[in-house]
1. I'm trying to understand the selection: among the residues of region B:31-50, which are more than 14 Å from chain A (Cβ to nearest Cβ) and surrounded by fewer than 18 Cβ atoms within 10 Å (Cβ to Cβ)?
2. Within the set of pairs 6 or more residues apart or between chains, which connect a residue that is over 16 Å from residue A:17 (Cα atoms) and more than 12 Å from chain B (Cβ to nearest Cβ) inside region A:116-141 to a residue that is modelled with pLDDT under 95 and not in a helix (DSSP H, G or I) with Cβ atoms less than 8 Å apart?
3. Which condition number in (1) at pLDDT 95 or above; (2) surrounded by fewer than 18 Cβ atoms within 10 Å (Cβ to Cβ) is the one that residue B:70 fails?
4. For region A:142-153, which positions are surrounded by 15 or more Cβ atoms within 10 Å (Cβ to Cβ), within 16 Å of residue A:17 (Cβ to Cβ) and out of contact with any helix residue (DSSP H, G or I) (no Cβ under 7 Å at 6 or more places or on another chain)?
5. So residue B:42 fits all but one of (1) more than 15 Å from residue A:126 (Cα to Cα); (2) over 11 Å from the mean Cα position of the chain (by Cα); (3) at pLDDT below 95; what number is the exception?
6. Working only within region A:80-110, note down all residues that are modelled with pLDDT of 90 or more, loosely packed, with under 11 Cβ neighbours inside 10 Å and assigned to a helix (DSSP H, G or I).
7. Give me the pairs: first residue in region A:164-175 and at positive phi, second residue assigned to a loop (DSSP other than H, G, I, E, B), beta-carbon distance under 8 Å, and six or more apart or on different chains, which are they?
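The values are calculated or read from the model by the stated rules, or taken from the named source; none is laboratory data. Just so it is clear, the structure is predicted and the values come from calculations on it, not from any experiment. Quick reminder, even Gly has a Cβ in these numbers, built from the backbone with ideal geometry, and neighbours come from all protein chains shown.
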């Protein structure tokens, strides 16, 4: 049994978004939004390929990764097929397959009232959540502030990210 | 379990949510709001609360997104009206069950 001492509530989550596929970004968006709904502070730090979700020109066109994703059998029920049917990984490389899987996934998400990336980020930002870009990754991908979504709060160095995470009830999550 | 709210013995669950939404009235709403550190409830709060009760009667699932799209409040206003858990707290004040969704 946990003692009351051990059960100190989560006060803040700082979530690192390092993946740039649709399935890579959503867990972070859902966790951040869910935190705000519980009254927990939330900040999202987009780094490396995760920045794909903040670039104005790419954020609305993120795709489900079908190459090297050996768990795509999970999506089989969306095609009314049993989940136990394996999805051959070579098929993921066929042109159009990723777009098809993305369309399918988006349809299912809409049914559950999960918003598209841009609208989801707006919701998180409206709720008081903070959206940050990683300075080093921006430099590496030759991105400027104006390439990013207008509502990004700031571009941070790793050190600044940790400063933002200060506090005894903060948890850092890597996705 | 029973809880005394503005002189009435009301059935609530262990988290303080009313177990029967028909036992709700505005006085009870004010009392719960006070306990939650919200209020006094204004017309803006009441609009959200009546909307929640309507949706609950219809059996419609509640999400922050659907609230934002209702045209009643923006997401930001909802968070400002019910700080510290917009959907959970507003549902509690509205006398409806705790929302179960993740969105």
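1. Going through region B:31-50, the residues more than 14 Å from chain A (Cβ to nearest Cβ) turn out to be B:31-35, B:39-50.
Within region B:31-50, B:34, B:35, B:39, B:40, B:42, B:43, B:44, B:46, B:47, B:50 qualify.
2. none
3. Residue B:70 satisfies every listed condition except (1).
4. Narrowing region A:142-153 to residues surrounded by 15 or more Cβ atoms within 10 Å (Cβ to Cβ): A:143, A:147-149, A:152.
From what's left, within 16 Å of residue A:17 (Cβ to Cβ): A:143, A:148-149, A:152.
Listed by number, the residues that qualify are A:148, A:152.
5. Tallying (1) more than 15 Å from residue A:126 (Cα to Cα); (2) over 11 Å from the mean Cα position of the chain (by Cα); (3) at pLDDT below 95, residue B:42 fails exactly one: (3).
6. If the condition is that a residue be modelled with pLDDT of 90 or more, loosely packed, with under 11 Cβ neighbours inside 10 Å and assigned to a helix (DSSP H, G or I), then A:107 is the only one that fits.
7. Short answer, once both residue conditions are applied: A:167/A:11.
Listed here are the residues, each with its yes/no results for (1) exposed (fewer than 15 other Cβ atoms within 10 Å of the Cβ); (2) away from chain A (no Cβ under 14 Å); (3) within 19 Å of residue A:30 (Cα to Cα).
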residue: B:7; (1), (2), (3): yes, yes, no
residue: B:64; (1), (2), (3): no, no, yes
residue: B:87; (1), (2), (3): no, no, yes
residue: B:90; (1), (2), (3): no, no, no
